[in-house]
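Data block below; observations after.
Since every read-out is calculated from the coordinates, none of them should be taken as a lab result. Being a predicted model, the structure only gives us computed values, none of them experimental. Here Cβ is always computed from backbone atoms with ideal geometry, including for glycine, and neighbour counts include all displayed protein chains.
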Amino acid sequence: MTDPIAEPATTNADATPETAGNTPDTGSTEPQTNGFSGMRLRPELFEALCRAGYSNPTPIQREVIPLALAGHDVIGQAQTGTGKTAAFLVPFLHHWKTLHETGASGLVLVPTRELALQVVAEARKIACDPDFAVAAIYGGQAIGPQITAIRKNTPLLVGTPGRVIDHLMRGTLRLDGLKYAVLDEADRMLDIGFRPDIEKILRRCPADRQTLLLSATMPDDVLRLAHRYQKDPKTVQITPETPTVARIRQSYVAVDEDRKLPLLLKLLQTEQPRASIIFVERKRWAENLYRDLRQTVKGVSMMHGDLPQGMRTKIMQAFRDGVIKHLVATDVVGRGIDVKNLSHVFNYDIPEDPDAYVHRIGRTGRIGADGVAIAFVSPDQGHRLTNVESFINKLLDKREVEGFEGVRPKDLPQPEAPKEQAPSQPVFGRRVKKYSNRL
Ligand code: AMP
């Protein structure tokens, strides 16, 4: 068997997985006119949308905004990347001045601090009034500045349920003046145990509020929540082209970065894959993992973009022939791999780009119901899991592996301790630092 490490042609200049574009398909056939104009928005808001470059509403916006402007409660099925945030923000930004008295008049509940920050950024991007303000309230951050923001009568608050409850208990937040409540990524919030907090919060809101619920999927528990806390909601469903990955048994394991190798060894032992691909993010990591694995596992090889084509072809042939059973690979190569006997895909590094995830696990889908895809999610990567789940419109099962219990991705929302915590390093800062290493 060829030893790919023997080849000298490796560099650090790893190709990174392409990231999805940030601009949703507006699905418009009328590029000349601004489709927002028919919505009779305040002129300032209309102009702000134009300035933000929103020349046409996305499908979810086209449906949700008119219904919400008319005062209806709405259930919207939509994923991240469809423009769902502006879909629920625009009606609030249109009405907020007439709604606002004292205290928050709008509250958006979101599962993670990242999403809270994204919603805040989107609101600031399309806000049109100098006196408008929005604040994020989430755990893991000092509570003092949040209290100050709330005291300033900030009209729109975006928060994670745990921290919102915390403020309610402390008496630093009152929701008596609330007119507009949004549950964003409701499925995700319920999935990780925010139901009691959400219900407590909604029970503290005035009954005559308007409630919008957005969710990538609509399982029964989301519908039950809608049934209990919304009034005759109108349903909007935007069916995106979802990849056909339904036949693959997908799960994730929450694991600390330095425990990924023992976890992989354990899974290779318990799962006994016929053949597997182990996807990693960078060439250098592929080499390191390959080195570690071949100490104890037979039939391991590696593929990445710096290996010469001739060697890649040989490795692929050996993989198809079953001589190589486990292949450590980067995305660049992963897309071209076509092996009939493949039973398992391990996302040793869950990709930033959900599209890459689908391509990776699609390698096993070729063999039908037999495909197993297991993603390793380290504490910093909860947001990647959320992106993948939104994209495939499906929640991955959390898998408990003996000896690896008790780790939860930090970015996955979890009930926050109802006490003030020391300010932590911003997650975005950590992430930027991490990815800049790769360039
Ligand atoms: P979201 O699905 O809300 O996360 O939005 C995805 C991205 O699309 C964000 O960067 C938005 O700023 C952007 N966006 C939202 N609505 C529009 C629109 N009508 N036209 C162009 N971009 C938009």
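With r defined as the distance between the Cβ atoms of residue 257 and residue 223 and R0 fixed at 41 Å, what FRET efficiency is calculated, to the nearest 0.05?
0.65
Extending 7 Å from the Cα toward the beta-carbon at both residue 405 and residue 69 defines two label points whose distance is 5.4 nm.
Among the listed pairs 283/394; 84/398; 266/298; 152/234; 84/394; 84/152, which have their C-alpha atoms separated by more than 22 angstrom in this model? Let's see the in-between values first.
Values: 283/394 30 Å; 84/398 26 Å; 266/298 14 Å; 152/234 34 Å; 84/394 18 Å; 84/152 28 Å.
Over 22 Å Cα-Cα: 283/394; 84/398; 152/234; 84/152.
Coupling constants for the range 123-129 follow from the phi torsions by the Karplus curve (6.51 cos²θ - 1.76 cosθ + 1.60, θ = phi - 60°), and in residue order they are 4, 5, 5, 10, 5, 10, 10 Hz; glycine and proline get x. Here's how it looks for residue 133: its modeled amide H is under 5 Å from those of 156, which are all 5 or more places away or on a different chain. Amide H contacts for residue 373 (H built 1.01 Å from N in the peptide plane; partners 5 or more residues away or on another chain; cut-off under 5 Å): 249, 250, 251, 345.
For the range 69-78, 3J(HN,Hα) computed residue by residue from phi via the Karplus equation (6.51, -1.76, 1.60; θ = phi - 60°) reads 4, 7, x, 6, 6, 9, 10, x, 9, 7 Hz, glycine and proline entered as x.
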